[in-house]
Amino acid sequence: MPPEAQATTPGFETPATRCVIVEDHLMFTQLLVTMLRAGPGLNLEIMAAVETVAKGIAACQTHRPDLLILDLALADGRGETVAERLLTVNPEAKVIVLSAHASTFVCPPSITRAVHAVIDKTDAFDSLQVVLARLVGMSPATSSARDRLARQLSHREQEVLVLVGQGLQSKEIAAKLNITRNTVQSHRKKIAMKLGTEGAELSRYAYRFWQQVAAGTPSEQP
């Protein structure tokens with residue numbers, strides 16, 4: 001079950017935007033929470049991250065969030081049910097829909113007024129930062145935020161990140177570092193969670209990180 005999380009960012013006079021996440025893909029949820037926590041200037045409080053319609057409804061009734069980040073295709077039903085229930089307790093709430101089919105998405109009429117963005121999961125992390133910058137006051141400084149997070153990676157994780165940036169596959173990285181392929185894959189998962197990105201975006205950042213190292217300006221250990 002995705003973890004519940006609470007985090008506030010100090011330094012804001014206005015109350016933080018209370019957020020509930022409803023998403024049934026565990027790894028995606030963990031990456032999403034990591035990214036939101038690391039976002040510079042993020043005036044957001046994550047009240048709960050849950051994976052079902054039933055838990056989403058319960059979280060919305062308990063916390064009455066200002067923002068709902070929602071996958072509509074959930075194992076126990078349709079996500080719009082969660083949004084509909086939220087709007088009965090907080091009519092001013094905003095909804096961001098996550099979809100694997102954003103280009104063909106048709107918004108359910110019952111929640112149209114609340115939906116402020118529909119984000120394709122394949123480009124979720126960068127797109128979500130842009131949307132949140134507009135809705136809740138987050139600076140979308142994705143690269144600089146990841147640079148700070150990269151400085152917190154272990155020495156081995158930085159080695160793996162450099163090799164990913166060079167285009168090496170897990171098997172090749174394992175041979176080069178004299179470790180097992182499973183260990184490499186474990187490092188890659190941890191790196192993805194710590195940097196708040198995955199897939200092609202992680203590969204692009206890894207290339208950028210490798211170029212920093214090659215130029216003699218690698219991210220230093222804290």
With N set to the number of residues, divide the alpha-carbon radius of gyration of region 154-198 by 2.2 N^0.38 Å and report two decimals. 1.01
Count neighbours as other Cβ atoms within 10 Å of each site's Cβ, and list the GluC sites (Glu not before Pro) in region 50-102 that are DSSP loop with at most 11 such neighbours. Glu92
Explain nothing, just compute: Karplus ³J(HN,Hα) = 6.51 cos²θ - 1.76 cosθ + 1.60, θ = phi - 60°, for every residue of region 49-58 in order, whole Hz, x for Gly and Pro. 10, 10, 10, 9, 4, 4, 5, x, 4, 4
Ranked packing of 159-166, 17-24, 208-215, most packed first, by mean Cβ within 10 Å: 17-24, 159-166, 208-215
For region 25-121, what is the convex hull (Cα atoms) projected area averaged across all directions, in square nanometres? 6.1
Return the long-range amide H neighbours of Ala49 (sequence gap of 5 or more, or a different chain), with a cut-off of under 5 Å between placed amide H atoms. Glu4, Ala5, Ile21
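Just so you know, all these numbers are worked out from the coordinates, no wet-lab data involved. Note that the structure is a prediction, hence the values are computed from the model and not measured. Here Cβ is always computed from backbone atoms with ideal geometry, including for glycine, and neighbour counts include all displayed protein chains.
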